[in-house]
Amino acid sequence: MSKLNNLAEAVFQGDFTEVKNLTQQLVDDGVDPLIIINEGLIGGMNIVAPKFKAGEMFVPEVMKSAKAMHIGMEVVKPLVAESDIPYAGKVVIGTVAGDLHDIGKNLVIMILESGGFKVIDLGVDVPPEGFVEAIKKHEPQIVGMSALLTTTMMAMKDTINAIEKAGLRNKVKIVVGGAPISQDFANEIGADGYGADAMAAKEICSKLLSR
Ligand code: B1M
């Protein structure tokens, strides 16, 4: 097995020490950092994603793999110009106003990052104007919103209204998700996409960008 395959396997296993060591070894061997990222680190998450979707891996294991990928990224990222990293797209994401739940959002971020997206995390309890400012600052193609409470679902609609009012609605695609959210609700509030889980979120983001 090549070192790149070993690295992908170590990411899949969530073996932080092995990921750090193998990434450093590959850098020392002169392997292109982008190959290390794509084939080793994202390669490992590509093993994770279908297993998670098939119910063969669970949230804590996925988070461990994603953390392992991040540990490797910390080694290689300083060696690559930000502009050289072939991102699949840029996503600004946050949990909406009044809502402090972030476990699901963080999982969505990890899966998006493993799919090659650059993700800007706005955190929790993000007011509509927080999303608007982030769109102006980061110019993402996609805005993601998460809500876990029935009482905060409507903050998604308020956020979409604020984005519209700021004249930015045609600049971004909006994807929503979270336990109480459904495709019907997403349609009702005028979102462009809905993800039932983290994998579905990645799939809808890719689909929206390919349109
Ligand atoms: Co809260 N809580 N909580 N809570 N909490 C729920 C959501 C609740 C269902 C529990 C219950 O009563 N059975 C209930 C909501 C009821 C309702 O609204 N109908 C509830 C409540 C009431 C509350 C408080 C009001 C409790 C109180 O204080 N009285 C309070 C509210 C605080 C606030 O937000 N203002 C509160 C607080 C908390 C904690 C802080 C203690 C903690 C959050 C910690 C944290 O997130 N850092 C917490 C937790 C952990 C839960 C439960 C137990 C678990 C949520 C979770 O993390 N699930 C939850 C009950 C439950 O779900 N069993 C509950 C795991 C996570 C991986 O799943 O977040 O659904 P989920 O994310 C999924 C998908 O939904 C989707 O992908 C993810 C991965 O597959 N997804 C997206 C999520 N975001 C997406 C975005 C996308 C696409 C997909 O596109 C952008």
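The values are calculated or read from the model by the stated rules, or taken from the named source; none is laboratory data. These numbers come from a predicted model, not from an experiment. Reconstructed Cβ throughout: ideal geometry from the backbone, glycine too, with neighbour counts over all protein chains shown. We work out accessible area using only protein heavy atoms, side chains counted, and drop any ligands, DNA or RNA first. Shrake-Rupley method; radii C 1.70, N 1.55, O 1.52, S 1.80 Å.
Okay, helix-only estimate at 222 nm for the chain: each DSSP H run of n ≥ 4 adds -39500 (n - 2.57), divide by all residues, round to 500 deg cm²/dmol; what do you get?
That comes out to -16000 deg cm²/dmol.
The accessible surface of the range 89-210, taken with every protein chain in place and a 1.4 Å probe, is 52 percent carbon and sulfur. Peptides 90-100, 130-140, ordered by how many other C-beta atoms sit within 10 Å of their residues on average, highest first, read 90-100, 130-140.
Across the range 21-106, counting alpha-carbon atoms alone, Rg and Dmax equal 15.2, 49 Å. Over all directions, the projected convex hull of the C-alpha atoms in the chain averages 11.6 nm² in area.
In debye, nearest 20, what is the charge dipole magnitude of the range 68-160 about its Cα centre with +1 on Lys and Arg Cβ and -1 on Asp and Glu Cβ, if you could check?
Roughly 180 debye for the range 68-160.
Spatial offset of the range 194-211 relative to the range 102-130 amounts to 13 Å, using the alpha carbon center of each. Secondary structure note: in the chain, about 0% of the DSSP beta bridges are antiparallel.
The angle separating the long axis of helix 59-76 from the principal Cα axis of greatest extent in the chain is about 60 degrees. Normalised size of the range 89-210, defined as Cα radius of gyration per 2.2 N^0.38 Å with N residues, equals 0.90.
Separation of the alpha carbons by more than 32 angstrom is noted, of 51/136; 77/105; 77/157; 3/137; 64/165, for 51/136; 77/157; 3/137; 64/165.
For the chain, with only Lys/Arg (+1) and Asp/Glu (-1) charged at the beta-carbon, what is the dipole magnitude about the Cα centre, in debye rounded to 20?
The calculated dipole for the chain is roughly 460 debye.
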